[in-house]
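Data block below; observations after.
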Amino acid sequence: MDNTIIVRTIIGGVLQTNCYILGDPQSGDAVVIDPGAEGEKIKTAVKKENLKINAVLLTHGHFDHIGALSAFSSLPVFMHKNDEMMVRNDKECLSFAGADKKNVMLCLQFLADSDLISVGELKLKAIHTPGHTPGGMCFLVRDILFSGDTLFNCGVGRTDLPGGSLAQLMGSIRDKLMCLPDDTVVFPGHGQPTTIGEEKEGTAFV
């Protein structure tokens, strides 16, 4: 994995969701990916690394990945439009971390497949991977992939929730993720990191 990129993991919430801090050490700029819970804990981790958060990225709109959005309400939130209503309408989403949803104003910015997001000198590529949700996104920077609930260590995301599609998910993984280099490090929404090469060998669904 590229050691010139800062990646820190904060695990939080009842579903033990992985929130990631991605930082560019040269500029000190950073983004938070999937702030699921414990916003103050995330902010403390950011300060420890002497980073400045410029934006929030969402891999999808499920409550366990957005529960701490209220802690970052002044920042732009990048996501796919197909999951917008999950974020705006789900009563659990922003109240999950003790916030009053009615008092939280979010600056949502919508991404399309292959859009680029700048983090200092780093460029993240947005990859639309529907299946777990209609607006599922992965984010690729150099040899690092943040896969949300699309791809796990030895598994894939569930598709039995509203908007889920097993056929779409398998297509997303096959066509957009399995074509990445085998040494691409995968940071999933839950559980331990893996690599594309390991998942090619070990994931029965692929």
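Sequence-ordered 3J(HN,Hα) estimates for the range 51-61 from the Karplus curve with 6.51, -1.76 and 1.60 and θ = phi - 60° stand at 10, 10, 7, 9, 6, 10, 10, 10, 6, 5, x Hz, glycine and proline given as x.
Dipole check for the chain: with +1 at the C-beta of Lys and Arg, -1 at the C-beta of Asp and Glu, and the Cα centre as origin, the magnitude is about 500 Debye.
Distance between the modelled labels on Arg174 and Val14, one decimal in nanometres: 3.6 nm (7 Å Cα→Cβ projection). Residue-wise HN-Hα couplings along the range 163-172, as the Karplus relation 6.51 cos²θ - 1.76 cosθ + 1.60 with θ = phi - 60° gives them from phi, are x, x, 8, 4, 4, 5, 4, 5, x, 4 Hz; Gly and Pro carry x.
Under a 5 Å amide H cut-off, with hydrogens placed 1.01 Å from N, Gly155 pairs with nothing among residues at least 5 apart or on other chains. Between Arg88 and Ser27, the distance separating the two model label sites (each 7 Å from Cα on the Cα→Cβ line) works out to 2.9 nm. Our coupling estimate for the range 136-149, obtained by passing each phi through the Karplus curve with A = 6.51, B = -1.76, C = 1.60 and θ = phi - 60°, is x, 10, 10, 10, 10, 9, 6, 9, 10, 10, 9, 9, x, 9 Hz, Gly and Pro reported as x. Computed extension gain for Asp182 through Asp115, at 0.36 nm per residue and net of the alpha carbon distance, reaches 21.8 nm.
Annotation: amide H-H contacts under 5 Å for Gly131 (H modelled 1.01 Å from N, sequence separation of 5 or more, or interchain): Gly136, Ser165. Site pair Glu40 and Ser73 shows an inter-label distance of 1.7 nm when each label is modelled 7 Å from Cα along Cα→Cβ. Applying a DSSP loop filter and a limit of 15 other Cβ atoms within 10 Å to the GluC sites (Glu not before Pro) in the range 1-83 leaves Glu49. The stretch between Cys107 and Lys48, if pulled fully straight at 0.36 nm per residue, gains 18.6 nm over its current Cα-Cα span.
How large is log10 I(q)/I(0) at q = 0.07, 0.10, 0.18 Å⁻¹ when the Debye formula is applied to the Cα atoms of the chain, each weighted equally and without solvent? Values returned for q = 0.07, 0.10, 0.18 Å⁻¹ are -0.18, -0.37, -1.29.
Since every read-out is calculated from the coordinates, none of them should be taken as a lab result. Owing to the predicted nature of the structure, the values given are computational and were not obtained by experimental measurement. All Cβ positions, glycine included, derive from the backbone under ideal geometry; neighbour counts span all protein chains shown.
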